[in-house]
Amino acid sequence: MVLRVNPVHRLKVETESQMEMIDVTSGIRRIVKESGIMRGMCHVFVPHTTAAVTINENADPNVRKDMIRELLKTIPVRDDYLHAAGNAAAHILSTLVGVSQSILVENGKLVLGTWQAIYLCEFDGPRSRTVLMRIMAE
Ligand code: ZN
């Protein structure tokens, strides 16, 4: 397999609450389409220490609410954290959920399941966030 490396693409996202999951699928789909790459891989990376990127259900918005609620039961916002900036939970959640995803590209399109969407996870908003992408042709 020969990888043709293309420039890094950027998607700017303004988040609106302290914790939320924002569907960025359409923006990533557009960038994949504009790249003209028909077959390969789209690597998505969030260059932040209090945000993350994940793939999950796009139909019922309650799934996102449940996810954030349950994550906060595991990693509460307030606890005996040592980090003085007050956003220790957001840092931990970023590591737990993860800052990157790789999605196959086939026939010029992202390969996602019917019920899958790509979400930027904000854990310490509202803030300006950037989603970076590299689309590699096979
Ligand atoms: Zn911090």
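Each reported figure results from applying straightforward, stated rules to the coordinates on display, with no laboratory input. Everything quoted here is computed from the prediction, not taken from an experiment. As a convention, Cβ positions derive from the backbone with ideal geometry for all residues, glycine included, and neighbour counts pool all protein chains shown.
For helix 88-97, report the angle its Cα long axis makes with the longest principal axis of the Cα atoms of the chain; keep it between 0 and 90° and round to the nearest 10°.
With rounding to tens, the tilt is 30 degrees.
Determine the calculated [θ] at 222 nm for the chain from helices alone, applying -39500 (n - 2.57) to every DSSP H run no shorter than 4 residues and normalising by the residue count; nearest 500 deg cm²/dmol.
Only helices count here, giving -8000 deg cm²/dmol.
Hey, if you put +1 on the Cβ of every Lys and Arg and -1 on every Asp and Glu Cβ in the chain, which of L71, A137, I103 ends up farthest toward the positive end of that dipole?
Going by the Cα projections, it comes out as A137.
Tell me, Kirkwood radius of region 66-126 from alpha-carbon pair distances, in Å?
Kirkwood hydrodynamic radius for region 66-126: 13.9 Å.
Where the eigenvalues come from the Cα gyration tensor of region 8-137, what are the semi-axes √(5λ) of the equivalent ellipsoid, largest first, in whole Å?
28, 15, 11
Treating the angle as unsigned and between 0 and 90°, give the value, to the nearest 10°, between the Cα long axis of helix 25-35 and the longest Cα principal axis of the chain.
The angle comes out near 30 degrees.
Just how many pairs of Lys in region 8-137 have C-alpha atoms closer than 24 Å, counting pairs that are eight or more places apart or on different chains? Working shown, then result.
Numbers: K12/K33; K12/K65; K12/K109; K33/K109; K65/K73.
Counting lysine pairs in region 8-137 gives 5.
Taking Cα atoms, how many degrees apart are the long axis of helix 61-74 and the longest axis of the chain, rounded to 10 and kept between 0 and 90?
50
Which ³J(HN,Hα) values in Hz, rounded to whole numbers, follow from the phi angles of region 128-138 under the Karplus curve 6.51 cos²θ - 1.76 cosθ + 1.60, where θ = phi - 60° and Gly and Pro get x?
These are the phi-based 3J(HN,Hα) values: 8, 10, 10, 10, 9, 9, 10, 10, 10, 7, 7 Hz.
Output wanted: per-residue J couplings in Hz (rounded whole) for region 111-122, from phi through Karplus 6.51 cos²θ - 1.76 cosθ + 1.60, θ = phi - 60°, x for Gly and Pro.
Listing the rounded values in order: 8, 10, x, 3, 9, 9, 9, 9, 10, 7, 9, 9 Hz.
Only Cα pairs under 8 Å and at least 6 apart count here; give the relative contact order of region 1-114 as a rounded whole percent.
Details: 111 pairs, mean separation 44.0, N = 114.
For region 1-114, the relative contact order is 39 percent.
Can you tell me the dipole magnitude for the chain around its Cα centre, using point charges on the Cβ only (Lys, Arg +1; Asp, Glu -1), in Debye to the nearest 20?
520
Have a look at G86, G98, G27 and tell me which one the Gaussian network model of the chain (Cα, springs below 10 Å) gives the largest fluctuation.
G86
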